[in-house]
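Presented below is the structure to which this report refers.
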Amino acid sequence: MTTISKRIHYLAILGPSGGGKGTQADLLARRFHYHHLSVGAILRQEIAQGTANGKKLIGYVDRGLLVPDDLVATIFFRYVKQALRPGFILDGFPRTFGQSQLLQDFLSSLKISLELVVLLELSDEVIINRRRQAIAAGRRFQPGREDDQEQILRRRLYEYRENIKPIKNFYRRQGILVTIDGNRPINAIQEDIRKLIENGQ
Ligand code: AMP
């Protein structure tokens with residue numbers, strides 16, 4: 001099995017919800033032995049365990065609202081700190097510009113920094129069609145009317161696009177942002193990211 005790249009130990013994968021970043025992060029984690037830190041999964045775990053922080057999260061996560069930056073960072077960074085060796089892939093963080101600043105400060109306090117940020121770019125139509133197909137195949141995500149769900153999805157995609165702009169500029173200025181066409185098959189996307197990691201970007 002391939003061992004972790006000598007050059008890239010700390011990366012983040014960003015993209016819209018339903019855009020396949022979790023799948024890509026999972027495959028990369030297996031291939032390169034990264035810790036896969038999925039914010040959504042960590043928050044759900046905190047809720048399931050009924051921790052003090054978990055109780056504060058319920059109203060947000062239940063309604064699909066973004067958790068306030070300070071709260072999500074406090075929870076998430078505990079996991080990041082445990083994942084420095086051999087390296088980590090952040091899945092779903094940062095989602096706001098504020099989070100990108102908190103992350104930078106936190107990582108620099110540990111004397112490390114992100115080396116690569118992969119942004120999966122997908123059109124709204126591709127995401128909405130995938131969601132429709134999943135619903136048609138009987139894989140419902142949430143109870144409720146399908147057209148209501150589609151409205152909610154469109155609103156979230158709009159919010160996502162607004163939030164991602166300053167994050168994208170921030171990492172682009174640092175020279176660590178790579179955008180990848182996410183409207184393609186899983187394997188093609190995986191190969192592109194694998195090459196970036198193996199070539200140290
Ligand atoms: P996900 O599994 O990525 O869809 O995330 C599930 C839920 O967790 C979201 O609907 C938000 O309520 C919350 N969440 C996940 N990531 C973040 C983040 N970076 N910032 C704030 N809230 C988040």
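At-a-glance table
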quantity	calculated
Close pairs (9 angstrom Cβ cut-off, 6 or more residues apart or separate chains): without any contact (Cβ under 8 Å) to a residue 24 or more places away in the chain and of a type in the set (D, E, K, R) in region 60-71, surrounded by 13 or more Cβ atoms within 10 Å (Cβ to Cβ) and part of a helix (DSSP H, G or I) anywhere	Asp62/Ile47
Every residue from region 163-182 that is part of a helix (DSSP H, G or I) and under 15 Å from Gly15 (Cβ atoms)	Asn163, Ile164, Lys165, Ile167, Lys168, Tyr171
Lone qualifier among Ile47, Ile42 - being over 30 Å from Lys195 (Cβ atoms) and either assigned to a helix (DSSP H, G or I) or small (Gly, Ala, Ser) (or both)	Ile47
Some residue of region 112-129 being farther than 23 Å from Ile180 by Cα, away from the ligand (no atom under 16 Å from the Cβ), surrounded by 12 or more Cβ atoms within 10 Å (Cβ to Cβ) and at pLDDT 95 or above	yes
Any hit, region 76-83, residues being within 11 Å of the ligand (Cβ to nearest atom) and not aliphatic (A, V, I, L, M)	yes
Filtered residues of region 16-67 (kept if basic (Lys, Arg) and more than 10 Å from the ligand (Cβ to nearest atom))	Arg30, Arg31, Lys55, Lys56
Residue in region 134-143 that is touching a helix residue (DSSP H, G or I) at 6+ places or on another chain (Cβ under 9 Å), without any contact (Cβ under 8 Å) to a residue 60 or more places away in the chain and not in a loop (DSSP other than H, G, I, E, B) present	yes
Residue check, Ala25 at pLDDT 95 or above and not in a helix (DSSP H, G or I)	no
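Here is a yes/no grid of residues against (1) modelled with pLDDT under 95; (2) within 15 Å of the chain's Cα centre (by Cα); (3) not basic (Lys, Arg):
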site: Asn163; (1), (2), (3): no, yes, yes
site: Pro166; (1), (2), (3): no, no, yes
site: Arg172; (1), (2), (3): no, no, no
site: Gly175; (1), (2), (3): no, no, yes
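The values are calculated or read from the model by the stated rules, or taken from the named source; none is laboratory data. Keep in mind the model is a prediction, meaning the values are calculated, not measured. Glycine also receives a Cβ, built like all others from the backbone with ideal geometry; neighbour counts cover every protein chain displayed.
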